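Read the structure below first, then the notes.
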Amino acid sequence: MRISRKMEHVHYALELGQSRQQGLSDIKLVHNCLPETSTDHIALTTTIGDLIMSSPILINAMTGGAQETESINRELAILAREKGMPMAVGSQMSAIKNSEVAPSYQIVRRENPNGVIFANLGSEASTEQALRAIDMIEANALQIHLNVMQELIMPEGDRSFIGMLGRIESIVRQSPVPVIVKEVGFGISRDNAKQLQEVGVQVLDVGGSGGTNFAAIENARRPSSLAWLNDWGTPTSITLLEALSVYPWGSVIASGGITNALEAAKALTLGASAVGMAGSFLRVLRTDGVDALHSFADELHQGLILIMTALGAPSVQALTQCPVVIMGETAEWCQTRGID
Ligand code: FNR
């Protein structure tokens, strides 16, 4: 039997891994030898849109829709509940089209009745489908993912991208919860951020390159001559600064290739109010198991507390007041584009 596309994505995401060329090595935090704070005074609470969350680490959208994906969603939902982390489900279009697979998404709400959970659909979704996705898991926010390059590389993928912004605008108008527009690993430019802001999108998840690579995944799933597109996209450090030149603190999530607390802290210091991680959680769960997954989340939180103490930043928002030096390709890019 052919394994489902969802499980192929899981398989190739693990096989190909994350390049970690997300640009965060260009970001240097300036050591503070007089931080005047203590680990007891650090709070990891943060804000995304109107939502207040006890952790700035988001378990980002991955899966649902097939039987094996239900157990992945269950383990991730238990992690989210135990560690107080927000979590997004993978694209719910399969459950919109076939209600029999809805339980593989609903497990996330069942395991975590009081948690912050994001619904997820692509920009092809109608407003009616978006409302059903939100309702399906009693979501606190809706992610709309943009994945033009992934679609173009897939032989069976979409070829027309007309009307995306109009559909997003209609969803924003009628959604009872905040709408987050996210990329899946190719980034969001300043110009696109302005277009999204104009139609009322409350939150962006920049989804830059340097992490899970959906160009490489689609090229690996079949014989392909499009491997020259595997470097497509804007690294996370750069797309984050592009988005932050338009959207204020509290409305930008950094993601794409974030693997540890230092990379997360750099993104938060640049001005992200939360950090999304997908491939890293998947890898630890599938290669090392559930206990290792829980230890990994603890390490991320403890690592953030350690770095925030060292920088003298008692809150996630206070991190944005810490000095930071931007070097290399990220600095050159910002200079060329006139981004401060
Ligand atoms: C994803 N991602 C994703 N995103 C989305 O909005 N809807 C989806 O259905 C999926 N599906 C999916 C499956 C798998 C197996 C992975 C690993 C990822 C993309 C994900 O949310 C994120 O944007 C990218 O993976 C980049 O972040 P990382 O993995 O580098 O942390």
Within the set LYS97/LYS182; LYS83/LYS182; LYS6/LYS97; LYS83/LYS194, which residue pairs have Cα atoms separated by over 26 Å? LYS83/LYS194
Between 0 and 90°, nearest 10: helix 5-16 axis offset from the chain longest Cα axis: 40
Rg and Dmax of the chain, Cα atoms, in Å? 18.8, 62
Got a sec? How would HIS294, HIS9 order by Cβ neighbour count within 10 Å, fewest to most? HIS294, HIS9
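Quick one: putting +1 on the C-beta of Lys and Arg, -1 on the C-beta of Asp and Glu, what dipole do you get for the chain around its Cα centre, in Debye to the nearest 20? If you can, show how the numbers build up before the last one.
Details: 24 positive and 35 negative charges, 80 e Å.
It comes to approximately 380 debye.
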Electrostatic dipole magnitude of region 135-247 [Cβ: Lys, Arg +1; Asp, Glu -1; Cα centre; debye, to 20]: 100
DSSP beta bridges in the chain: the antiparallel percent, rounded to 5, is 20
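Arranged by the count of other C-beta atoms within 10 angstrom, fewest first, what order do ILE52, ILE144, ILE339 take? Present the calculation step by step, with values, prior to reporting the outcome.
Numbers: ILE52 10, ILE144 27, ILE339 16.
Exposure proxy ranking, most exposed first: ILE52, ILE339, ILE144.
Sorting TRP232, TRP249 on the 10 Å Cβ count, fewest up front, what's the list? Provide the component values of the computation, followed by the final result.
Values: TRP232 19, TRP249 14.
So the residues, fewest neighbours to most, are TRP249, TRP232.
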Helix 164-174 vs. the chain, principal-axis angle (Cα, 0 to 90°, nearest 10): 80
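Rule-based calculations on the coordinates, nothing more; no lab input. What you see is a predicted model, and the numbers here were worked out from it, not measured in a lab. Note that we place each Cβ from the backbone using ideal geometry, even for glycine, and neighbour counts take in every protein chain shown.
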